[in-house]
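Read the figures in this text as sums done on the coordinates, not as results from a lab. Just so you know, these numbers come straight off a predicted model, no measurement behind them.
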Amino acid sequence: MNDAPQPVPKPIVIYVDADACPVKAEVYRVAGRHRVRVVVVSNSLIAIPRDPLIERVVVESGPDVADNWIVERAGRGDIVVTADVPLAARCLKAGAAAIGPTGKAFTGDSIGMTLATRNLLTDLRDAGQMTGGPRPFAARDRSAFLSALDLAIGRLKRAGFTV
């Protein structure tokens, strides 16, 4: 019989790379339903709901300051919401789950190709070969995101993480 104390499961935290995030309201809704803590990280003051589970963190302006803040804290049992592919890659390396605002879950199997595609498209834009950006954010993206976030929280709960 093992009387050693068992480790306390880590609570799930959702980190939102918030400066250009179009799904903050959806994060708040899903997190509220599950009673999961949300940390909204930005370079400027962003309005958040009055809720003890939602925290706002304003970091200094500068390249990757918000990204670095998130990566220093996110790990196993956490979810990062970001459209920033390099940030998603860093979070996956730290053990966190990462979901884009369109509902695309970044995974260890897909992140390499996603980074390569992002870098190729950046090079093509810089060379003037491609002038368009991503397609406009649509209602179906919002719906896919809601579903992906709900699934990610469910997976973490089944894995023993708490709220």
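Taking amide H as placed 1.01 Å from N in the peptide plane, residue 56 has its amide H under 5 Å from the amide H of 40, each at least 5 places away in sequence or on another chain. Near residue 163, the amide H atoms lying under 5 Å from its own belong to 12; only residues 5 or more places off or on other chains count, and H is placed 1.01 Å from N. Taking amide H as placed 1.01 Å from N in the peptide plane, residue 98 has its amide H under 5 Å from the amide H of 80, 106, each at least 5 places away in sequence or on another chain.
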